[in-house]
Amino acid sequence: MAFPSWFTRFSSKQIYRSIRTTTSSFNKTYSYISQTPSTSSSTSITEKIISTEGNKHYFSWSSSLLPLALAFSAGLFSLDSQRNISVCDSNVTDGVRYGGKGSTEHVVGGNSKEIPQELIKELESICQDNMTRDYEERYFHGKPQNSFHKALNIPDIVVFPRSEEEVSKIVASCNNHKVPIIPYGGATSIEGHTLSPNGGVCIDMTLMKNVKSLNIEDMDVVVEPGIGWMELNEYLEPYGLFFPLDPGPGATIGGMCATRCSGSLAVRYGTMRDNVISLKVVLANGDVVKTGNRARKSAAGYDLTRLIIGSEGTLGVITEVTLKLQKIPQHSVVAMCNFPTVKDAADVAIATMLSGIQVSRVELLDEVQVKAINLANGKNLPELPTLMFEFIGTEAYSREQTLIVQKLVSEHNGSDFVFSEEPEAKKELWKIRKEALWALFAMEPDFEAMISDVCVPLSRLAELISLSKKEIDASPLVCTVIAHAGDGNMHALILFDPDKEEQRQEAEKLNQLMVYNALEMQGTCTGEHGVGTGKMKYLEKELGIEALQTMKKIKSVLDPNNIMNPGKIIPPHVCF
């Protein structure tokens, strides 16, 4: 907070009392204020000003007002000279030097401090053998597995809690010592969510993977956050139930909550926020908060469940999740068809949704992605823009849906409409889609990928994809387009050589163009991957500074020491 801002909060009585201190005392006080991070409250600053030195000497008004006037003038000058720059831009705030408006940095900087020996002893007492300071392990946890984002620092310690009680004690100890924590799940996120810009303690949740209770008649399950969605569905299959969200292989339920992910089935079942009933969360001070019971609906107070979902570990560490379940469909049909252009394919996806057909998946692949699949898997698919559908229900209903969509395809220049009801064939088709990124790497094995995640209102999807394809086709980089076409979510997978800065900048330019196009269409910069460090720079353009200031206020109340996954979601320039 700039000097004039907090100055105006003082009452005249407080100003008079501070004026009565000595000149030297005032100068010491002003020196303290100029070094104080903006996260300090005006109340604590006032108390420190009034109590400074306890000097009993009294000076004339003229001698006392001189330093006050100089300081006030300096504050006004500072405000005027930095009218468009918040003091929160300073590295002093929390060591963050990236992610602000217009930033193109992908290597995240920060200030790492030595971990207090006292904290190390406390963590050893809590975790016993379930912690490590081994460099290789720390490096592994500090480098996301599927992301080009990097950080200068890595975690100082990695801990592996086995219970909610241990998580609470770990977080409380870190908070007491003001040491950052970074929650860690399946490490499948791609926007730098698990980077440790300021070092600190990485809390690996993968040992907490128990199913705590399965309520078959209520169609819900209570799980710990470390269980993967694929593991969970293997457990549920004998009961005829499944959890319908399907992000990348390896994702854990806790991480899926933290990033508010979705997947190909979101068009039918919704995103993570629609499928979580309640949570248990450890806050920054170690308190454990339960956000609700198992009732399918509740109007009891603020919706804390939705506040935590998508908060990316910046407000708390998730220790328990209650999930909605679905019956495994009685029958399903998977269909594929080709089109001369991606716009034709997108038009059919929109027409299908408008027809009222309850499809469970509508996925779009451009011709470059199909080529990559052929290379990686030895397939011989037509290298044309392709749509993949899944229809579920009774056998008769699924087939009826298939025939209706086949007619729509023929009316929009579609061809080669094929479908399958055989279980192994259906699994193979969806496996191809799920492994699209790895197929792309087969084209350039030593490259990295920048992945866009824009989402627009469904009616604008064809336009967005057409604009994006023009930009992609004009680029020298290898790029593919994949879309969850039923809900307007498009991914561009852009390959670049990490050793060539001009290629990274070209990839950044393409990504930014797609984001700006989506925002012009009243869309979002991220439909399901989350913000992390990679998308912070777009949030003010999308949401406005007032929304970001509100987020920062919430963060400051729940995490006053800024230990919870610092440097994520909220851009460093945001102040209030």
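Only the coordinates and a few stated rules stand behind these numbers; no lab work does. The model shown is predicted, which means the values in this text are computed figures rather than measured ones. Counting neighbours? That spans all protein chains shown, and the Cβs are built from the backbone with ideal geometry, glycine included.
In order along the stretch 388-397, the phi-based Karplus estimate (6.51 cos²θ - 1.76 cosθ + 1.60, θ = phi - 60°) of 3J(HN,Hα) comes to 10, 10, 9, 10, 10, x, 6, 4, 5, 5 Hz; Gly and Pro are listed as x. Note on Lys469: aspartates and glutamates with a C-alpha under 18 Å away, same-chain residues under 8 apart excluded, are Asp344, Asp347, Glu363, Asp366, Glu367, Glu383, Asp453, Glu506, Glu508, Glu520. Cross-linked pairs Lys169/Lys541; Lys143/Lys470; Lys143/Lys209; Lys324/Lys371: Cα-Cα separations exceed 31 Å for Lys169/Lys541; Lys143/Lys470; Lys324/Lys371. Divide the volume of the convex hull around the Cα atoms of the stretch 212-347 by the residue count and you get 146 Å³ per residue. Here the calculated FRET efficiency for Lys379 and Gln406, from their Cβ-Cβ distance with R0 = 22 Å, stands at 0.50, rounded to the nearest 0.05.
Ile154 sits among other residues whose Cβ lies under 9 Å from its own Cβ, and their net charge, with Lys and Arg +1 and Asp and Glu -1, is +1. Across the stretch 328-406, Cα pairs under 8 Å and at least six residues apart give a relative contact order of 47 percent. Sketch the reach of a paramagnetic label on Trp430 as a point 7 Å from Cα along Cα-to-Cβ, and name the residues of the stretch 349-387 whose backbone nitrogen lies under 16 Å away. The answer is 359-364. Taking 0.36 nm per intervening residue step and subtracting the Cα-Cα distance, what contour gain separates Ser475 from Phe140 on full extension? The span from Ser475 to Phe140 would gain 117.3 nm if fully extended. Taking each of Lys121/Lys178; Lys537/Lys568; Lys509/Lys568 in turn, the alpha-carbon distance tops 19 angstrom for Lys509/Lys568.
Here, P(r) means the percent of Cα pairs in each 5 Å bin from 0 to the largest distance; for the stretch 438-508 it is 3, 17, 27, 22, 17, 10, 4, 1. Going Cα to Cα from Lys327, which aspartates and glutamates come in below 18 Å? Please leave out same-chain ones fewer than 8 positions away. Cross-link targets: Glu217, Asp218, Asp220, Glu231, Glu234, Glu237, Asp246, Asp274, Glu390, Glu395.
Projecting the alpha carbon convex hull of the stretch 98-219 along each direction and taking the average yields 9.7 nm². Full extension of the chain between Asn176 and Ala547 yields a length gain of 130.6 nm, computed as 0.36 nm times the residue separation minus the alpha carbon distance.
Could you tell me what % of all Cα pairs in the stretch 380-515 have separations over 18 Å? Beyond 18 Å sits 64 percent of the P(r) for the stretch 380-515. Excluding Thr352 itself, calculate the net charge of residues whose Cβ lies under 14 Å from the Cβ of Thr352, where each Lys or Arg counts +1 and each Asp or Glu counts -1. So the environment of Thr352 carries a net charge of -4. Orientation-averaged projection of the stretch 351-420 equals 5.0 nm² [convex hull of Cα atoms, one quarter of hull surface area]. Could you tell me what % of all Cα pairs in the stretch 429-479 have separations over 14 Å? For the stretch 429-479, the share of Cα pairs beyond 14 Å comes to 66 percent.
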